[in-house]
Amino acid sequence: QLSAKNLTNYIYFDQTAKLQQADQNIQVVSAEITKRFHFLKNFHLYNQLSFQSISDEALIPLPAFTSYHSFFYGNKFFKESLHIQVGADLWLISDYRGYAYSPDNAQFFINPANRQLGNIQQLDLFVNFGITQNGRLFVKMENVLQENYDEASERIYQYPIPGRALKFGLSWRMIN
């Protein structure tokens, strides 16, 4: 997928979280490559690479490159009533200036610091148990590559992603 956008009269929140309007048009060119592989009957590999170029990165501070990959084994057991997936997700995100967040007014604004965010490598391991068409039990070890808080893990200014964490629970989609 390839796209090009020309943003006119772009409105944003500046470094002090005040509303501003861009003086010039901003061009955004992006390319995304997505490919799914299915092999040896039950193995799956999903890949997504995204590249983008923004003419004014000071106003739209997003990463130039992101990469997401998911590799898992999936199979159905007990007369196809239990669907199990075991696998790993990998994210690679290039460095970028990023946004800051103000919980007071629930708005993102231009990062006031001169520090780059991103440059993230995150690996998650997971097990999913599909118990119904809409219900799923899961266990997930997030951020296996990182032990504790690391300032470099921020995707939003002053909001780091947590270090290694074990999560488990029930996911249920409410569909009629």
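The values are calculated or read from the model by the stated rules, or taken from the named source; none is laboratory data. In this text the structure is predicted, and so the values were computed from the model without any measurement. Methodologically, a virtual Cβ is constructed for each residue, glycine included, from the backbone with ideal geometry; neighbour enumeration extends over all protein chains shown. Only protein heavy atoms, including side chains, enter the accessible area calculation; ligands, DNA and RNA are left aside. Shrake-Rupley method; radii C 1.70, N 1.55, O 1.52, S 1.80 Å.
Some points to look at:
- Low-density loop cleavage sites - trypsin sites (Lys or Arg not before Pro) in segment 32-83, where at most 10 other Cβ are within 10 Å (DSSP): LYS41, LYS79
- Net charge over other residues, Cβ less than 11 angstrom from the Cβ of LEU59 (K, R count +1; D, E count -1): -3
- Length released on extending from ALA22 to ASN9, taking residue separation times 0.36 nm less the Cα-Cα span: 4.1 nm
- Whole-Å semi-axes of segment 99-156's equivalent ellipsoid (Cα gyration tensor): 32, 18, 8
- Maximal additional length on extending the PHE168-ASN134 stretch stands at 10.6 nm, based on 0.36 nm per residue less the C-alpha distance.
- Take every pair of alpha-carbon atoms less than 8 Å apart whose residues are at least six positions apart; their mean separation over the length of segment 22-176 yields a relative contact order of 16 percent.
- Inverting the pair-averaged 1/r between distinct Cα atoms of segment 60-176 gives 16.4 Å as its Kirkwood hydrodynamic radius.
- Neighbour count of at most 16 Cβ within 10 Å plus DSSP loop: longest GluC sites (Glu not before Pro)-free window in the chain: 81-146
- Taking every alpha-carbon pair under 8 Å whose residues sit at least 6 apart, segment 36-77 reaches a relative contact order of 46 percent.
- Protein heavy-atom accessible surface, 1.4 Å probe, per residue over segment 23-141: 59 Å².
- Considering only alpha-carbon pairs that sit under 8 angstrom and 6 or more positions apart, the relative contact order computed for segment 86-176 is 27 percent.
- For segment 17-119, taking Cα atoms only, Rg and Dmax work out to 19.7, 62 Å respectively.
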